[in-house]
1. Write out, first by first residue and then by second, each pair whose Cβ atoms fall under 8 Å of each other, whose residues are 6+ apart or on separate chains, and whose first residue, in the stretch 15-28, is in contact (Cβ under 8 Å) with a residue 60 or more places away in the chain while the second is in a helix (DSSP H, G or I) and within 8 Å of the ligand (Cβ to nearest atom).
2. List the number of the failed condition for residue 100; all other conditions in (1) within 19 Å of residue 20 (Cα to Cα); (2) part of a helix (DSSP H, G or I); (3) within 11 Å of the ligand (Cβ to nearest atom) hold.
3. Can we say residue 78 is open to solvent by 20 Å² or more (accessible area, probe 1.4 Å) and over 28 Å from residue 97 (Cβ atoms)?
4. Output the number of residues of the stretch 43-74 satisfying the condition of being within 19 Å of residue 116 (Cα to Cα), open to solvent by 20 Å² or more (accessible area, probe 1.4 Å) and either assigned to a helix (DSSP H, G or I) or within 16 Å of the ligand (Cβ to nearest atom) (or both).
5. Would you confirm whether or not the stretch 128-136 contains a residue that is in a loop (DSSP other than H, G, I, E, B), farther than 12 Å from residue 55 by Cα and in contact with a Leu (Cβ under 7 Å, 6 or more places away or on another chain)?
6. Among (1) loosely packed, with under 13 Cβ neighbours inside 10 Å; (2) under 16 Å from residue 20 (Cβ atoms); (3) within 11 Å of the ligand (Cβ to nearest atom), where does residue 105 come up short?
7. Between a residue in the stretch 137-154 that is closer than 13 Å to residue 91 by Cβ and any residue that is open to solvent by 50 Å² or more (accessible area, probe 1.4 Å) and not in a helix (DSSP H, G or I), which pairs come within a Cβ distance under 8 Å, given they are 6 or more apart or on different chains?
8. Can you tell me which residues in the stretch 1-28 are polar (S, T, N, Q), part of a helix (DSSP H, G or I) and in contact with a Leu (Cβ under 8 Å, 6 or more places away or on another chain)?
Amino acid sequence: MALELTILVGTMTGNAQLVAQELELLLDDGETRAQARVMDGLDAGTFVRGGLFLICTSTYGQGDVPDNAKQLYESLIATRPDLSNVQYGVVALGDRTYRDTFCNGGRRFDAILTELGARRTGEILFHDASSGTLAEEAAAEWIGSWIAQAREQAGIAA
Ligand SMILES: Cc1cc2nc3c(=O)[nH]c(=O)nc-3n(C[C@H](O)[C@H](O)[C@H](O)COP(=O)(O)O)c2cc1C
């Protein structure tokens with residue numbers, strides 16, 4: 001049985017989108033159907049039917065979500081839907097030179113989704129833009145075990 005995954009992309013300059021495109025290509029193999037969507041114009045209704053989501057977002061300002069993610073993030077806070085039928089993971093992009101707010105965009109989504117009853121699969125992938133590694137390569141290494149855990153949590157045999 002195929003696992004349906006929606007990758008939601010919060011980005012300002014495209015790094016998170018490159019990650020999402022790489023993961024979409026790697027995952028869309030018949031066992032998983034992965035679809036990447038930029039967060040522009042989305043709101044909390046995106047989650048109403050439940051399912052499996054991967055939040056792939058960078059961080060801007062003073063540890064804020066990127067501009068294209070604001071409507072979705074603020075709509076979750078304002079409408080507080082019950083997300084107990086949502087399973088999710090987080091790829092958080094940031095830069096350690098912003099010490100106190102490192103990867104806060106991804107951490108913010110993680111906090112609100114958990115607060116609304118969604119269940120996180122696995123650990124968050126934190127990517128540091130100052131590390132000299134490419135986010136899409138780090139994500140490509142990380143995704144195999146994440147998707148295996150997601151299948152297990154969803155009750156779908158590997
Ligand atoms: C103006 C500006 C503010 C940023 N603020 C933060 C921050 O507070 N914390 C953090 O971890 N990274 C911060 N970053 C780093 C970005 O999140 C990082 O470069 C990321 O890879 C950008 O991904 P994107 O191209 O998908 O937007 C900032 C970058 C810029 C240009």
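The values are calculated or read from the model by the stated rules, or taken from the named source; none is laboratory data. Values in this document were obtained by computation on a predicted structure and should not be read as measured data. Cβ atoms come from the backbone with ideal geometry, glycine included; neighbour counts cover every protein chain shown. Accessible surface is based on the protein model in full, side chains and every heavy atom, while ligands, DNA and RNA are left aside. Shrake-Rupley method; radii C 1.70, N 1.55, O 1.52, S 1.80 Å.
1. 15/129; 15/135; 16/135; 18/135; 19/135
2. (1)
3. Values: open to solvent by 20 Å² or more (accessible area, probe 1.4 Å): yes; over 28 Å from residue 97 (Cβ atoms): yes.
So residue 78 passes the test.
4. So the count comes out to 6.
5. Here is the first cut: in the stretch 128-136, the residues in a loop (DSSP other than H, G, I, E, B) are 132-134.
Next, only the ones that are farther than 12 Å from residue 55 by Cα stay: 132-134.
Next, from what is left, pick out any that are in contact with a Leu (Cβ under 7 Å, 6 or more places away or on another chain): none.
Taking every residue of the stretch 128-136 in turn, none turns out to be in a loop (DSSP other than H, G, I, E, B), farther than 12 Å from residue 55 by Cα and in contact with a Leu (Cβ under 7 Å, 6 or more places away or on another chain).
6. (1)
7. Nothing qualifies.
8. 15
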